[in-house]
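The values are calculated or read from the model by the stated rules, or taken from the named source; none is laboratory data. These figures come from a predicted structure and were not determined experimentally. Virtual Cβ from ideal backbone geometry, glycine too; neighbours counted across all protein chains shown. Just so you know, the surface numbers come from the protein's heavy atoms only, side chains and all, with ligands and any DNA or RNA stripped out. Shrake-Rupley method; radii C 1.70, N 1.55, O 1.52, S 1.80 Å.
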Amino acid sequence: MTPSGAEYIRQIKEQITEVDPSEVHELLDGAPTAGANGASANGASAHAGADIALIDVRESEEWDAGHLPGATHVPRGYLESRIEGAVPDRDRRVVIYCASGTRSALAAKTLADLGYSDVQSMTGGITLWKDRGYEVDTPRRLTADQRERYSRHFLLPEIGQAGQEKLLDAKVLLLGAGGLGAPAALYLAAAGVGTIGVIDNDVVDLSNLQRQVIHTTGRIGEKKVDSAEETMKAINPDVNVVKYDFRMDASNIMDVITGYDVIVDGLDNFPTRYLLNDASVRLQIPVVSASILGFDGQLGLQALRRAVLPLPVPGPAARRARPELRRQRRARRAAGHDGAAAGDRGHQADRRHRRAAGRPAAALRGPRRHVHRAQGPPRPRVPGVLAPARGHLRRGDGRVPRLRGVLRRRWLG
């Protein structure tokens, strides 16, 4: 006989373990909250107290009305696909709750079938939790447009709804609205960063448009901060743009950067970079610096490596630089600036010093024959008599080169 819905729920509850809200409250009350793996599948971080993962399987509207502190939101309809992102450890203790305890019982049975060894359903759900007078967190309410705009972020375990809410509350200062700052401003606005400060004292020029993608032809002559604000607002109306239409220096940098969570460095001059480096360290504000590999030659690279970006120069950039450095060295040697090259002695060094300043460098010698010939043990030789082995000893007239001349001088007088 097929059981009714109520009988089926009763059978499921007989197969799972239930826990009273008072016990869950004791577990949560004495331990701090932390993410199960850094962030939830679709909301708040899972609770780490006493190795417990607290999972809310209700719908999004119910979650927005209030949830248990430290709970992770995994809707019942997405439980099978998202639970591994919220609770990757199948041996961890998992407590599931819903509105009254019915959906959580079904979810507990599902997790048990998926291999989770310690799963419990909270009796009475959040309704009994509230009746006991326990604390409930009410999350920030996102509008329908915001939910649709950031819906792809909600699907990412690394972000989720809680991460998106942090982005909306974040404050980022962007230094420069030029070639480096323009794309950064576009992506910060599109991602939903709540407050973006832009500092730039320049105006839009026609020569900027081939790289500064935040500006347009119709805004030539406008202030870059105004042009940047217009584009960012067009991408995301939620963004609050704070404009600084002046040049940052030692007299105002502390007032400008104070209060921001992160600074994005899109500068193109190293004195201001050094100033920013010192000020950000003093205020303990993280700085994300753009890499300028081709700026001011080796001086710029060394400055980035030592002061701003303590990272090695990327391999592709180093490989691109080597041919140019070799050409420069050959040109300097041709002009006589480097003195004698390695291996030059006597008249060779003198001849190199006498080389004209405008004379081009000598062509590179071609590869010699038999350079990689294996060397055996040294052969006995008579000095001045037997010449070294050569590829073609006999000329067309039958004479042996060098050897005949040596014999004539030595024995024929």
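Filtering segment 4-43 to residues that are modelled with pLDDT of 70 or more, open to solvent by less than 50 Å² (accessible area, probe 1.4 Å) and not in a helix (DSSP H, G or I) leaves ILE16, VAL19. Only one entry of GLY266, GLY259 meets the criterion of being touching a residue at least 60 places away in the same chain (Cβ under 8 Å) and over 22 Å from LEU206 (Cα atoms), and that entry is GLY259. Residues in segment 148-157 that are loosely packed, with under 14 Cβ neighbours inside 10 Å and either charged (D, E, K, R) or more than 16 Å from TRP63 (Cβ to Cβ) (or both): GLU148, ARG152. The single residue among ALA177, ALA189 that is among the aliphatic types (A, V, I, L, M) and part of a helix (DSSP H, G or I) turns out to be ALA189. MET122 meets the conditions (1) at pLDDT below 95; (2) touching a helix residue (DSSP H, G or I) at 6+ places or on another chain (Cβ under 8 Å) in every case but one. The failed one is (1).
In segment 251-273, the count of residues that are in a loop (DSSP other than H, G, I, E, B), closer than 14 Å to ALA177 by Cβ, open to solvent by 20 Å² or more (accessible area, probe 1.4 Å) and modelled with pLDDT of 90 or more is zero. Among the residues of this structure, ARG247 does not count as one that is within 22 Å of the chain's Cα centre (by Cα) and among the basic types (Lys, Arg).
Take THR231 and decide whether it is open to solvent by less than 80 Å² (accessible area, probe 1.4 Å), among the hydroxyl-bearing types (Ser, Thr, Tyr) and in contact (Cβ under 8 Å) with a residue 24 or more places away in the chain. So THR231 fits the description; yes. The helices (runs of 4 or more DSSP H) falling completely within segment 48-142 that include 2 or more residues that are within 22 Å of ILE12 (Cβ to Cβ) and open to solvent by 60 Å² or more (accessible area, probe 1.4 Å) map to 79-86, 102-113. Do you know which residues across segment 283-297 are at pLDDT 90 or above and open to solvent by 80 Å² or more (accessible area, probe 1.4 Å)? Matches in segment 283-297: GLN284 only. The residue that is most open to solvent (accessible area, probe 1.4 Å), counting only those in segment 159-208 that are within 21 Å of the chain's Cα centre (by Cα) and without any contact (Cβ under 8 Å) to a residue 24 or more places away in the chain, is TYR187.
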